[in-house]
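First the structure, in the form of structure tokens, and then the observations on it.
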Amino acid sequence: MSSPPPPPALATPAPRRSRRKEARPGELLDAALDLFVSKGYSATKVEEVARQAGVSKGTLFLYFPSKQELFQAVVRHVLSSRFAEWDLELDSYQHDTATLVHYCYEVWWQRIGSTKACGLPHLVMAEAHNFPEIAAFYRQEVVLPGNRLIERVLRRGMERGELAPLDLDYGVTLVLAPLIFCASVKSTGGFCLPNPDFDVPRFLQMQADALMHGLGRPPQGAVP
């Protein structure tokens, strides 16, 4: 009598240790973002980040040799890395400037403003005096690329005849100021607002309309 065939071999699961090791940088960055935003840069200890991520302090230092380098990695992970993507989107964008400004505000809220990352601008402004090195890093990695991106949007609008000629330095600030306000509102719990149900997306839509009303080129024959 022939013996029964052997059972089919089961797929060997990936070792838990290797899966865990590959996930560690992302888990450390998530934990660091949570603590930096909730406690501030100065008050956050690397031991707390390691504990929240479920690793040892020594393991954290294998990936990020100092707290400053950990903070820089967080900023690059959640903010700086977005600019290349947004530049490519702008390269291929086909619609008019009014639609583009609305889209920029909508995307910022979805990808940054409604997430924990929106607490980083408030952190940097609050601690820049004591930690000028993180402020200088943030300026190079986030502020200047963000300014250049908005400048591209405005210059595109002027070249298409959809915006009146304007001083781009001030125009960029006009576009970015509402985003800084919204980030501050969200990261401080909105205590300075008269309405606790303040609808940020609606506010940004109104802000985009107001910007286009003020910066847009008036139709030919319109009474100034």
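The values are calculated or read from the model by the stated rules, or taken from the named source; none is laboratory data. Values in this document were obtained by computation on a predicted structure and should not be read as measured data. Neighbour counts are summed over all protein chains in view; Cβ atoms, including those assigned to glycine, are modelled from backbone coordinates with ideal geometry. Heads up: the accessible areas ignore ligands, DNA and RNA and are worked out on the full protein's heavy atoms, side chains in. Shrake-Rupley method; radii C 1.70, N 1.55, O 1.52, S 1.80 Å.
Of all residues in the range 23-39 being farther than 17 Å from VAL124 by Cβ and not hydrophobic (A, V, I, L, M, F, W, C), which is most open to solvent (accessible area, probe 1.4 Å)? Looking at the filtered set, the residue picked out is ASP30. Looking at ARG111, ARG51, which one is free of Cβ contacts under 8 Å to residues at least 12 places away in the same chain, assigned to a helix (DSSP H, G or I) and of a type in the set (Lys, Arg)? Just a single option satisfies the conditions, and that option is ARG51.
Here GLU133, GLU141 are screened, and the one residue that is part of a helix (DSSP H, G or I) and under 15 Å from the mean Cα position of the chain (by Cα) is GLU141.
Checking each residue in the range 170-191 for being surrounded by 10 or more Cβ atoms within 10 Å (Cβ to Cβ) and either assigned to a loop (DSSP other than H, G, I, E, B) or free of Cβ contacts under 8 Å to residues at least 24 places away in the same chain (or both) picks out THR173, ALA177, PHE181, VAL185, THR188, GLY190.
One line per residue, one yes/no per condition, for (1) modelled with pLDDT of 90 or more; (2) touching a Phe, Trp or Tyr at 6+ places or on another chain (Cβ under 8 Å):
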site	(1), (2)
ILE150	yes, no
GLU162	yes, no
VAL172	yes, no
THR188	no, no
ASN195	no, no
VAL200	yes, yes
PHE203	yes, no
ALA210	yes, no
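I'm trying to understand the selection: among the residues of the range 32-45, which are assigned to a helix (DSSP H, G or I), touching a Leu at 6+ places or on another chain (Cβ under 9 Å) and not β-branched (Val, Ile, Thr)? Of everything in the range 32-45, those that are assigned to a helix (DSSP H, G or I), touching a Leu at 6+ places or on another chain (Cβ under 9 Å) and not β-branched (Val, Ile, Thr) turn out to be ALA32, LEU33, PHE36. Regarding ARG76, is this residue in contact (Cβ under 8 Å) with a residue 24 or more places away in the chain, surrounded by fewer than 16 Cβ atoms within 10 Å (Cβ to Cβ) and assigned to a helix (DSSP H, G or I)? Against the criterion (in contact (Cβ under 8 Å) with a residue 24 or more places away in the chain, surrounded by fewer than 16 Cβ atoms within 10 Å (Cβ to Cβ) and assigned to a helix (DSSP H, G or I)), ARG76 qualifies.
Residues being of a type in the set (Ser, Thr, Tyr) and farther than 24 Å from GLN207 by Cα are represented in the range 86-108 by at least one member. Once the range 90-133 is narrowed to residues that are open to solvent by 10 Å² or more (accessible area, probe 1.4 Å) and among the hydroxyl-bearing types (Ser, Thr, Tyr), the residue that is nearest to ASP209 (Cα to Cα) is THR99.
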